[in-house]
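This report concerns only the one structure given below.
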Amino acid sequence: MGIYEQLGIRTVINASGALTRLGGTRMDREVLEAMAEAAASFVRIDDLQEQAGKVIADITGAEAGYVVTGAAAGLAIGTAACIAGMDVGKMDRLPDTTGMKNEVVVQRGHRNAYDHGIRMAGIKFVEVGYLGYPGAGGTFAWQIEEAITEHTAAIACPILDTPGTLTLPEVAAIGRKHGIPVIVDAAATLPPRSNLKRFIAEGADLVTYSGGKAIKGPQASGVLAGRRDLIASVALQHQDMDVRAETWVKRGLLGERAVAGIPHQGFGRAMKVGREEAVGLIVALQRFAAGSDEADAAVWNEQLNLIELALEAIPNITVERKMGAKQPIPMLDITIDEHALGRTAYHVLNDLIEGDPAIAAAESSAEYGVITVNPHSLCDAEIPIVAKRLREVLTT
């Protein structure tokens with residue numbers, strides 16, 4: 001009996017992609033083995049993060065890197081670094097930012113639910129620009145510049161295709177001009193693998209990626225890459241500092257007066273990374289970086305070919321291959337003639353997830369009568385099961 005069966009939980013075949021609500025992605029055997037090995041021994045987390053940071057820096061082209069507990073945690077602790085720098089007094093007071101730099105400038109078209117990660121550090125967003133498109137609104141560079149004051153801690157620039165917003169290179173140029181760091185939420189920008197280096201190359205000061213999606217690392221892991229000084233602040237606010245000055249591995253910072261004292265249990269304590277997660281993330285990141293977007297697409301297309309073949313000649317549906325809007329992942333759109341079928345796309349989605357086996361298809365276009373099969377997190381053995389179940393649901 002498997003562990004989920006012991007717990008009375010049904011497993012789900014994930015035809016939706018790497019979604020948090022379904023547990024992220026499927027980790028490769030090598031990643032799981034590395035995590036199990038890591039769990040069997042103890043290490044100084046400082047040392048582990050330092051070596052992990054070197055791997056991240058090499059792969060992203062950043063000055064430094066750090067393993068965090070997901071992209072949202074990267075936004076939160078990265079913002080805390082922009083606020084506090086190496087000032088341990090400020091670190092100790094966060095998220096109370098009274099008297100500190102406590103504003104983050106953001107384009108109005110870049111506001112989104114995930115910016116909770118930035119706000120939780122104690123900042124207030126200063127929104128600039130309009131909601132519109134080129135020629136009828138959007139953001140002008142002068143609006144960002146005018147919003148920058150002595151209270152500005154950072155500029156947020158998530159990777160979103162919002163019409164009219166300034167690009168990352170444009171925002172980064174403004175940040176450099178005024179000495180303000182730019183934080184990039186790149187959580188779901190992989191693949192393509194070229195994006196691992198793109199945003200640092202375009203001028204970002206901090207970039208965060210999800211570790212539990214395309215990278216295929218632990219779900220509660222993420223990558224934070226960026227400036228060395230900001231990553232140093234992240235480390236001081238994140239790691240367990242229940243130590244004495246005489247034994248602290250970073251006590252050289254005290255001698256150099258880089259810090260006034262040892263920060264204790266900082267803002268990032270609630271986001272601590274286990275050694276298993278750090279090792280699993282790094283092994284997964286190395287494997288992902290060494291892979292090929294083209295090879296992945298070939299596998300996914302072959303899987304979709306088999307599903308598409310099983311859906312041939314089913315009345316009241318049309319099947320179309322498409323490329324993901326945000327990521328180059330081929331997908332299968334199944335458009336339902338809801339009137340003729342007598343059921344909506346939502347009914348079909350519910351039949352799939354409540355059936356046996358339970359299958360989760362993507363629902364992002366369900367309001368248009370479309371269910372989508374995303375092959376990212378499917379294994380070959382699941383393809384005929386998905387194909388058979390789709391045919392059953394759409395013909396019953």
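Bear in mind these aren't lab numbers, they're just calculated from the coordinates by the rules spelled out. Please read all numbers here as calculations on a predicted model, not as lab measurements. Positions of Cβ are backbone-derived with ideal geometry, glycine not excepted, and every protein chain shown enters the neighbour counts.
As a footprinting exposure proxy, order Thr247, Thr208 by other Cβ within 10 Å, with the fewest listed first.
Ascending number of Cβ neighbours within 10 Å: Thr247, Thr208.
Where Lys and Arg each count +1 and Asp and Glu each count -1, what net charge lies around Lys250 among other residues with Cβ under 12 Å from its Cβ?
Around Lys250, the charge tally is -2.
Could you order peptides 259-270, 3-14 by the average number of other Cβ atoms within 10 Å of their residues, highest first?
On the way: 259-270: 17.7, 3-14: 12.1.
Descending packing order for the listed peptides: 259-270, 3-14.
With everything on Cα atoms, drop me the angle between helix 29-39 and the longest principal axis of the chain, reported from 0 to 90° to the nearest 10.
Its long axis makes an angle of about 40 degrees.
Taking the 0 to 90 degree range and rounding to the nearest ten, how far is the long axis of helix 71-84 tilted relative to the main principal axis of the chain, both from C-alpha atoms?
Result, in degrees: 20.
Peptides 356-365, 69-78, 20-29: what's the order by average Cβ count within 10 Å, highest mean first?
Averaged packing, sorted descending, gives the order 69-78, 356-365, 20-29.
Under the definition of Cα pairs under 8 Å and six or more residues apart, what whole-number percent is the relative contact order of the stretch 42-290?
28 percent
Excluding residues fewer than 8 places away in the same chain, name every one of the lysines whose C-alpha is closer than 24 Å to that of Lys197.
Lys54, Lys177, Lys213, Lys216, Lys326
For the ranges 221-231, 83-93, 272-282, what's the packing order if you count other beta-carbon atoms within 10 Å of each residue, average per peptide, and put the highest first?
Working: 221-231: 25.0, 83-93: 19.5, 272-282: 23.5.
Per-residue Cβ counts within 10 Å, averaged per peptide and sorted highest first, yield 221-231, 272-282, 83-93.
As a check on your grasp of the helix formula, calculate [θ] at 222 nm for the chain: sum -39500 (n - 2.57) over DSSP H runs of n ≥ 4, divide by the residue count, round to the nearest 500.
Calculated mean residue ellipticity at 222 nm is -11500 deg cm²/dmol.
On alpha carbon coordinates alone, what is the Rg over Rh value for the stretch 68-160, Rh being the Kirkwood radius?
Rounded to two decimals, Rg/Rh equals 1.01.
Sort Phe42, Phe125 by Cβ crowding within 10 Å, fewest neighbours at the top.
So the residues, fewest neighbours to most, are Phe42, Phe125.
Provide Rg and Dmax in Å for the stretch 310-379, with only Cα atoms included in the calculation.
12.1, 34
Taking the square root of 5 times each eigenvalue of the Cα gyration tensor, what semi-axes in Å does the equivalent ellipsoid of the stretch 259-357 have, largest first?
43, 21, 13
How tilted is helix 345-354 with respect to the longest principal axis of the chain? Cα atoms for both, answer in degrees (0 to 90, nearest 10).
That helix lies at roughly 80 degrees to the long axis.
Which net charge results for the neighbourhood of Leu352, defined as the other residues with beta-carbon distances under 11 angstrom from its beta-carbon, given Lys and Arg at +1 and Asp and Glu at -1?
-4
Could you go through the stretch 192-200 in sequence order and give the Karplus-derived ³J(HN,Hα) for each residue, using 6.51 cos²θ - 1.76 cosθ + 1.60 with θ = phi - 60°, rounded to whole Hz, and x for Gly and Pro?
Here the 3J(HN,Hα) series is x, 5, 4, 6, 4, 9, 4, 6, 5 Hz.
Please figure out what share of the DSSP beta bridges in the chain is antiparallel and state it in percent, rounded to the nearest 5.
On the way: 23 of 41 bridges.
Roughly 55 percent of the beta bridges in the chain run antiparallel, per DSSP.
Ala39: net charge of surrounding residues, Cβ under 13 Å, Lys/Arg +1, Asp/Glu -1, itself excluded?
Neighbourhood net charge equals -3.
Can you pull the three principal axis extents for the Cα set of the stretch 42-290, in Å, largest first?
The Cα atoms of the stretch 42-290 stretch 60, 44, 27 Å along the principal axes, largest first.
Kirkwood hydrodynamic radius, computed over distinct alpha-carbon pairs, for the stretch 146-291: how many Å, to one decimal?
17.2 Å is the Kirkwood radius here.
Could you give the semi-axes, largest first, of the ellipsoid that matches the stretch 8-65, computed as the square roots of 5 times the alpha carbon gyration tensor eigenvalues and rounded to whole Å?
Largest first, the stretch 8-65 gives 29, 18, 10 Å.
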